[in-house]
Amino acid sequence: RLPPPSQAALVSGGRAFLALAARLGITSIQEVMATPSLLDAYAALEAQGELTVRVRAAILCDAERPGAALSEAVALRAQYASRLIHPEAVKFFLDGVVDAHTACLIEPYADQPGYRGEPLWAREMLLPLVAALDAERFQIHIHAVGDGAVRLSLDSLEHAMRRNGRRASR
């Protein structure tokens, strides 16, 4: 129910984090769910000479807008890539968690016969999108908890590798 943080709040929070990171000797971070507003905050800190870490950012792919994911990721990378900001990955959430029955399983849940959970991305949307992002040289990061979601993620990575060939990807 809380509104999203303002840009000023993100920059202020970034400053507090950077002070802590400096005290701990942290020089690089992985931003696992980079949104445009978060990338804006990092860019503002860099423009002001305050960004003291390298940021490896995984751009969040929205399952609600699968048709726009490729063009948005390419545009965000072009807009925000800099000396310290590296938006070179994309992040997919394929399912939730077992406790809430939102993980996607191969076999039904023991306490809900016939129910396996549903992936957040349809196979026919995920496989070509992962392959297209891989062809654009993005690293692919996937949240997959249930064995059905893990299988789907591995299938998408295998599809990308068959389509694009092997490369130095993670």
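The values are calculated or read from the model by the stated rules, or taken from the named source; none is laboratory data. Being a predicted model, the structure only gives us computed values, none of them experimental. Cβ coordinates were reconstructed from backbone atoms using ideal geometry, including for glycine residues, and neighbour counts include every protein chain displayed. Note: areas computed on protein heavy atoms with side chains; ligands, DNA, RNA excluded. Shrake-Rupley method; radii C 1.70, N 1.55, O 1.52, S 1.80 Å.
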Among 29, 140, 85, which one shows the highest mean-square fluctuation when the chain is modelled as a Gaussian network with alpha-carbon springs under 10 Å? 29
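When the helix-only estimate is applied to the chain (DSSP H runs of n ≥ 4, each -39,500 (n - 2.57), divided by the residue count), what is the mean residue ellipticity at 222 nm, nearest 500 deg cm²/dmol? Please list the in-between numbers first.
Numbers: 5 runs with 73 residues, N = 170.
Mean residue ellipticity at 222 nm (helix-derived): -14000 deg cm²/dmol.
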Can you work out D for the chain in µm² s⁻¹ from Stokes-Einstein, where Rh is the Kirkwood radius over C-alpha pairs, the temperature is 37 °C and the viscosity is 0.692 mPa s? 187 µm²/s
Roughly how big is region 1-70's charge dipole about its Cα centre, with Cβ charges of +1 (Lys, Arg) and -1 (Asp, Glu), in debye to the nearest 20? 200 debye
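Please report, largest first and rounded to whole Å, the three semi-axes of the ellipsoid equivalent to region 73-170, where each semi-axis is the square root of five times an eigenvalue of the C-alpha gyration tensor. Please list the in-between numbers first.
On the way: eigenvalues 174, 46, 19 Å².
Whole-Å semi-axes of the equivalent ellipsoid: 30, 15, 10.
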For the pair residue 8 and residue 32, the simple spin-label estimate (label points 7 Å beyond Cα toward Cβ) gives in nm 3.1 nm
Write down the accessible area per residue of the chain in Å², having rolled a 1.4 Å probe over the full set of protein chains. 58 Å²
As a test question: what accessible area, to the nearest 10 Å², does residue 71 have when a 1.4 Å probe is rolled over all protein chains in place? 70 Å²
Nearest 10 degrees is fine. How inclined is helix 147-164 to the longest principal axis of the chain, computing both from alpha carbons? 70 degrees
With a point put 7 Å past each Cα toward its Cβ, work out how far residue 123 is from residue 40 in nm, to one decimal. 4.0 nm
Charges at C-beta only: +1 for Lys and Arg, -1 for Asp and Glu. How large is the resulting dipole of the chain about its Cα centre, in Debye rounded to 20? 660 debye
Using alpha carbons only, how many degrees (0 to 90, rounded to 10) separate the axis of helix 69-80 from the longest principal axis of the chain? 20 degrees
Mind checking the full-extension length gain between residue 151 and residue 20? Use 0.36 nm per residue of separation minus the Cα-Cα distance, one decimal, nm. 43.3 nm
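Residue 112 to residue 81: extension gain in nm, 0.36 nm per residue of separation minus the Cα-Cα distance? Don't skip to the end; give the middle numbers.
On the way: separation 31, 0.36 × 31 = 11.16 nm, distance 4.61 nm.
The span from residue 112 to residue 81 would gain 6.6 nm if fully extended.
How large a share of the accessible area of the chain, in percent, is made up of carbon and sulfur atoms when the probe is 1.4 Å and the other protein chains stay in place?
Roughly 56 percent, rounded to a whole number.
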Going toward the positive end of the dipole of the chain, with +1 on Lys and Arg Cβ and -1 on Asp and Glu Cβ, which of 165, 5, 66 do you reach last? 165
For the chain, with a Gaussian network of springs between Cα atoms less than 10 Å apart, report the residue from 130, 98, 53 with the top mean-square fluctuation. 98
